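Chemist: Below is one structure. I have some questions about it.
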């Protein structure tokens, strides 16, 4: 029996979705807590450190997220191979992501000067800029670890073993939060390093995570079942497929985050109230945004598994179900933004106490939180359905559409609003709201069209995956 002759399986519904999604949501939540606590500690350490943390942090992520997304596309291969019943194929696919992560380490460090150049173009004051550069340079040492973690964790997530990822990252991120506190403020034997302490704590946490995943991946029981050591080798055909479908995913993430980074950097030109209020609002938005990344990954996994079992109708059902649950979550979260703006502002109350009027800061944060509550549903729709599309291998559409909207609408509009017309922070944020709504509608229409059902991600997979000795011959023919 070939790997394509799999038994039909009934639709698992919301129980199956949530069984896979809840550990990913908790896992994403730990990253939200990590980033939130990082900025909270820095807001209590100093206003300048707090203002520098978001632009430098998001710029760092901009430069590494493409590598992470490409390595993480292993998740889609593993999901479809697992659905097709090919265990060794799961290990071979993971090996390609792992090898790519090793290649990415020097490449990530080579782009660091680009980040410094972009920070200097932002127009931020010299005190803020110096802290941004210091924080950014340290964070760049995290890139290789985060890319490797993305590849190795996909071996578990693609098979639906999402609780493994949750437990690993709870431990790694928990240590990161603790080290943040100790190294920022200098507690006990630890030196007081301020924003540099936050950076080095993140470096330690980012490399601890792939170390744990590697120990699990190469453990005796996993190796016995999947032959992970045997399959730790370069597979030309699979590597090319990973690049073919994963590269658009990486480009999509890079261009999308880069466009949002332009927005964040430009907001810093609108004055301290706009800068601090935006940092507060975006830090709070992590509570809504990060769990939706987990739901998007869950949708990607199940869409891939159902397509691997040749059940596209179930793949479509699970995509819509994930979207509905995601929208429900952000609607509830958004209500808290509208009802308790003073509470959220006071969480960061020490950051602007002596330099900006509190009443003006609160007024600005209140309006920005209302905008976040409005764009939450569209953001959830975009994150979940783009994840579902990537699970089907529809990465080229995701890349072209989101990149065109991000740079043709968001970036161009922000440059006109902030640099040319010099309008206020509310108009800048309103334009970003328009961008998010367009994304949500676009991915909704694409998923509804059903064109993604016709993509053959694992071309001739029965021949290649069941007979690995023929891989080089087939790669030559292709």
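Taken together, the values in this text are just the output of simple stated rules run on the coordinates, not laboratory data. Here the structure is a predicted model, which is why all the values come from computation and not from measurement. Please note: Cβ atoms are built from the backbone with ideal geometry, for glycine as well, and neighbour counts cover all protein chains shown.
Chemist: For every helix of n ≥ 4 consecutive DSSP H residues, a contribution of -39,500 (n - 2.57) applies; sum these over the chain, divide by its total residues, and give [θ] at 222 nm rounded to the nearest 500 deg cm²/dmol.
Modeler: Values: 19 runs with 373 residues, N = 478.
Taking each H run of at least 4 residues, the total per residue is -27000 deg cm²/dmol.
Chemist: Once Rh for the stretch 12-52 is found with the Kirkwood sum over Cα pairs, what is the Stokes-Einstein diffusion coefficient at 25 °C and 0.890 mPa s, in µm²/s?
Modeler: Diffusion coefficient, whole number: 204 µm²/s.
Chemist: Place a label point 7 angstrom from the Cα of residue 117 along the Cα-to-Cβ direction, then list the residues of the stretch 218-253 whose backbone nitrogen is under 20 Å away.
Modeler: 251
Chemist: Further, regarding this structure: If the viscosity is 1.002 mPa s and the temperature 20 °C, what Stokes-Einstein diffusion coefficient in µm²/s follows for the stretch 1-93 when Rh is the Kirkwood radius over Cα pairs?
Modeler: On the way: Rh = 17.0 Å.
Here the translational diffusion coefficient equals 126 µm²/s.
Chemist: Next question, about the same structure. Can you report the principal axis dimensions of the chain using only the alpha carbons, biggest first, rounded to whole angstrom?
Modeler: Principal extents (Cα only, largest first): 72, 50, 38 Å.
Chemist: Take the Cα atoms of the stretch 336-395, build their convex hull, and give its volume per residue in Å³. Walk me through the intermediate numbers first.
Modeler: On the way: hull volume 6.4 nm³, N = 60.
Dividing the Cα hull volume of the stretch 336-395 by its residue count gives 106 Å³.
Chemist: Would you mind computing, in nm to one decimal, how far apart the modelled labels at residue 109 and residue 87 are, each placed 7 Å from Cα along Cα→Cβ?
Modeler: Placing both labels 7 Å along Cα→Cβ, they lie 3.9 nm apart.
Chemist: Find the Rg to Rh ratio for the stretch 394-455, where Rh is the Kirkwood radius over alpha-carbon pairs and Rg uses the same atoms. Numbers along the way, then the final one.
Modeler: Values: Rg = 14.4 Å, Rh = 12.8 Å.
The Rg/Rh ratio comes out at 1.13.
Chemist: Quick one: the Cα spread of the stretch 125-165 along its three principal axes, in angstroms, biggest first?
Modeler: 49, 16, 11
Chemist: With 10 angstrom as the radius, rank 49, 422 by how many other C-beta atoms surround their C-beta, starting from the fewest. Write down the numbers at each step before the final one.
Modeler: Values: 49 24, 422 9.
Result, fewest neighbours first: 422, 49.
Chemist: Apply the Kirkwood formula to the stretch 210-303: the hydrodynamic radius equals the inverse of the mean of 1/r over all pairs of different alpha-carbon atoms; give it in Å with one decimal. Before the final figure, lay out each step's value.
Modeler: Numbers: mean 1/r = 0.0571 Å⁻¹.
The Cα-based Kirkwood calculation yields 17.5 Å.
Chemist: Using the Cα atoms of the stretch 153-274, I'd like the radius of gyration and the largest Cα-Cα distance, Dmax, both in angstrom.
Modeler: Final numbers for Rg and Dmax: 19.8, 59 Å.
Chemist: Would you mind getting me the FRET efficiency between residue 339 and residue 415? Use the beta-carbon distance for r and R0 = 35 Å, nearest 0.05. Let's see the in-between values first.
Modeler: Numbers: r = 34 Å, r/R0 = 0.98.
The value I calculate is 0.55.
Chemist: Then there's this: Taking R0 as 35 Å, what's the FRET efficiency between residue 359 and residue 404 from their Cβ-Cβ distance, rounded to 0.05? Don't skip to the end; give the middle numbers.
Modeler: On the way: r = 41 Å, r/R0 = 1.16.
About 0.30, to the nearest 0.05.
Chemist: Can you give me the angle between helix 425-449 and the longest principal axis of the chain, using Cα atoms only, in degrees from 0 to 90, rounded to the nearest 10?
Modeler: 10
Chemist: Can you put 364, 76 in order, fewest other beta carbons within 10 Å first?
Modeler: With the sparsest Cβ surroundings first, the list reads 364, 76.
Chemist: By count of other Cβ within 10 Å, fewest leading, how are 320, 429 ordered? If you can, show how the numbers build up before the last one.
Modeler: Working: 320 16, 429 23.
Arranged by neighbour count, lowest to highest, 320, 429 become 320, 429.
Chemist: Between residue 444 and residue 185, how high is the FRET efficiency from 1/(1 + (r/R0)^6) when r is the Cβ-Cβ distance and R₀ = 56 Å? Nearest 0.05.
Modeler: Details: r = 46 Å, r/R0 = 0.82.
Calculated value: 0.75.
Chemist: Please list, short to long, the whole-number percent of alpha-carbon pairs of the stretch 77-142 in consecutive 10 angstrom bins beginning at zero.
Modeler: 18, 29, 19, 18, 13, 3
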